[in-house]
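Data first, discussion second: the structure below is written as structure tokens.
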Amino acid sequence: MTVTETVKAVGLRAGARVVGVASAEAFRAGVPEGYRPEDILPGARSVVVAGGDGPTAGAWRSADHRVMEITGYDLRENVAIHAMCDHIERELGHYAVQAPSLPVHGHEPPMSMMHAAELAGLGSRSFAAHIILNPEYGLLYYAALITTLPLEPSPPLAEPACPHPGCVAMYKRIGTTPCLRVCPACLSGTMQNARIETSTYDREKCHSRAQTYGIGSFQKALLALVDEQDKARRHDIIYSDFFTKSVESLGFFRDSIAQCFECMRVCPVGRKYRKLQ
Amino acid sequence: MTDFAVATKQIKTLALKAGATVVGVADAAAFDVHAPVKHRPADLLPGARTVVVVGGAQPRAGDWVATSPWLLSTMGTTERIQGVGRRVAQAIESELGYYALFVPPGTASGDTPFLSLMLAAELAGLGTRSLAGPVLNRDHGFMYWSAVITTAPLEVDPPDAAPACPAPPCREMWEREGTTPCLRVCPIDAGGCLGGRLEHDRPVRTAYDAGRCNTRVHTHWVGGFQKVLEETLNEPDRERRKMLVYGDFMTRTLWAITYSSTNIAQCFECMRVCPAAHGLKEMR
Amino acid sequence: MTFFRLDPELYARHKDEVLRLCNSFQTIERRGLSDKEIAARLGLDERTVTEIRVIAERDSYPLDEWERAIAFKRKACADWAALALKRPELKEP
């Protein structure tokens with residue numbers, strides 16, 4: 001096994017569904033200064049990206065949307081990243097860090113995991129919120145590590161995952177795709193020659209759906225609370241289901257991670273893995 | 001009849017297999033001289049005889065050389081040692097048949113922990129206090145700790161005879177410049193947290209501003225949230241209130257509270273410059 | 001050094017432009033600008049742009065939008081289940 005293959009094997013054994021590699025240099029073209037791997041780890045040569053499963057097939061079938069609001073995903077791709085970081089430092093003697101991916105200023109993280117996944121050949125942007133779709137598995141969640149270890153970059157995807165042939169056919173017929181049709185509030189787009197021609201995404205509206213109960217909703221409700229002069233109405237806000245769930249999602253972070261799956265629910269990419277008994 | 005030499009070895013082997021980098025055992029009674037009432041092992045577990053301490057989950061070599069201020073403060077690894085502590089507690093009870101209490105890593109009230117994990121690490125022979133404050137292990141430097149109090153009379157380890165601090169470069173720097181890396185990066189006389197000196201090759205801490213240190217280690221945490229909430233409630237202008245509630249500080253603080261497991265510690269500057277804090281292994 | 005507070009008038013003056021230039025409203029063919037890049041373009045300092053952007057992100061939609069989000073998800077999920085699981089009784093009226 002090559003060094004690259006052993007690192008990937010460590011990640012897959014630790015629970016990643018897919019593992020890919022991008023060179024640190026590849027980030028320079030599309031990423032502003034301050035957000036590149038070399039801005040985080042001096043001497044960075046490679047970025048290893050792990051993709052982890054989202055909800056189980058059973059969760060996708062629930063008619064109660066609250067189920068997936070709470071059990072969206074289990075963060076195992078981060079476990080795979082830690083396993084690979086430990087391996088790279090302990091066995092291979094090179095620096096390795098988990099790429100910081102939590103937002104630190106508003107919505108903005110220090111490094112884009114979506115872009116890392118694209119560059120590591122794990123997926124391509126879709127009509128649906130520009131989510132990176134893996135051609136085999138569809139929606140996956142991504143984490144990355146940055147290392148000074150030179151690794152072999154994974155080849156880019158030969159064909160984009162989106163649009164799926166079924167969506168191409170649908171677009172020809174009725175001028176839309178499943179995701180664009182289910183969520184026109186956040187998404188719009190056009191297709192040409194079976195490729196995405198234009199695509200827009202209203203992230204701020206999506207935020208009210210993908211993180212209905214979380215940091216943002218807490219801030220919204222808190223402002224309403226501090227601006228409210230009437231004692232009885234303040235009481236109602238504080239004890240409302242909305243505020244209660246918002247506070248709960250601060251305490252149980254898993255409740256706040258991903259709370260809207262409607263564009264992905266109707267997406268055919270990777271759907272075969274959701275058909276069980 | 002339990003052979004406690006064997007039992008101690010068994011528990012230590014389990015701890016290392018579970019992911020601890022180091023493990024030691026302290027005598028529960030040894031805490032009494034140093035710890036205040038209500039924060040001694042027997043106050044938490046009646047009949048406590050020993051305390052098993054595990055250290056590990058420390059920042060990687062890459063974390064220390066990273067130039068992004070966000071890395072260590074948002075991708076912290078301290079919680080990885082908690083699971084090891086829990087496993088040790090469960091093993092002591094299930095395999096040895098003695099009571100075991102995993103010391104909760106949070107605070108009993110305010111900023112006071114249930115049991116000082118730093119003191120536990122020292123008494124278990126796993127490290128010594130540095131001039132900057134954290135307990136440093138001679139081989140691995142700065143680490144995170146977890147402790148398990150037990151009624152099992154395990155074999156106790158002696159305190160570490162050779163302190164990691166001051167490291168040789170620090171002694172040389174003190175001779176030359178009358179300061180050390182940690183004192184220079186965060187001097188109490190210039191708005192920092194630390195004051196001290198080296199005396200007969202030993203660190204002597206003369207000042208530590210815990211309140212200020214808290215604003216750095218827990219910048220975006222409960223205290224920061226309380227502060228900005230108070231500012232907001234006291235702000236008479238509606239638009240200015242919005243600036244505070246939606247602002248960068250409040251937003252980041254709420255993220256840190258939500259993702260607390262990786263945002264536990266948010267300032268590492270005294271340890272970043274410490275030659276004894278990063279362990280002995282060289283990286284490329 | 002005092003706690004950084006953004007002047008509401010400065011915010012009102014620049015928020016739409018900052019939102020337009022950042023990653024809030026995305027098109028697939030171009031990336032949003034960083035705070036530093038926006039600051040250079042608008043002649044502001046980076047810290048101010050960050051504060052404007054963070055507040056504007058949260059300020060983009062009123063709280064009512066959150067209520068609409070809850071209703072949207074409830075209906076979309078139920079309607080999908082009705083169709084995909086062949087359970088018409090699940091469809092929202």
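Things worth noting here:
- Residue (of C:Ile70, C:Phe3, C:Leu44) at the positive-pole extreme of chain C, dipole from beta-carbon charges: C:Ile70
- Centre separation in Å (Cα based) which lies between region A:165-219 and region B:184-260: 41 Å
- Positive-end extreme of charge dipole, chain B - chosen from B:Gly195, B:Ile264, B:Leu119 (charges on Cβ): B:Ile264
- Between A:Ile257, A:Ile40, A:Ile174, the residue with the greatest mean-square fluctuation in the GNM of chain A (Cα pairs under 10 Å linked by springs) is A:Ile174.
- Computed from Cα atoms, the angle from the helix C:8-21 axis to the main principal axis of chain C rounds to 60 degrees.
- Rounded to the nearest 20, the Cβ-based charge dipole of chain C about its Cα centre (Lys and Arg +1, Asp and Glu -1) stands at 460 debye.
- Computed magnitude of the charge dipole of chain A (debye, nearest 20; Cβ of K, R +1, Cβ of D, E -1): 1000 debye
- Prolate/oblate/rounded label for chain B (Cα gyration tensor, a/c 1.5): oblate
- 24 Å Cα-Cα reach of B:Lys17 towards lysines, excluding residues that sit fewer than 8 places from it in its own chain: A:Lys8, B:Lys9, B:Lys281
- Restricting region A:74-107 to GluC sites (Glu not before Pro) that sit in a DSSP loop and have at most 15 other Cβ atoms within 10 Å of their own Cβ leaves A:Glu91.
- Choice from A:Ala210, A:Ala221, A:Ala50 with maximal GNM fluctuation in chain A (Cα, 10 Å cutoff): A:Ala221
- Using θ = phi - 60° and Karplus 6.51 cos²θ - 1.76 cosθ + 1.60, couplings along region B:111-128 (whole Hz; Gly, Pro as x): 9, 8, x, 4, 8, 6, 6, 5, 4, 4, 5, 5, 5, 8, x, 9, x, 9
- Of the trypsin sites (Lys or Arg not before Pro) found in chain C, the ones in coil according to DSSP and having at most 10 other Cβ atoms within 10 Å of their Cβ are C:Lys86.
- Relative contact order for chain A, counting Cα pairs under 8 Å that sit 6 or more residues apart, in percent: 22 percent
Since every read-out is calculated from the coordinates, none of them should be taken as a lab result. None of these values were measured; they are calculated from a predicted model. Positions of Cβ are generated from backbone atoms using ideal geometry, with glycine treated the same way; all protein chains shown enter the neighbour counts.
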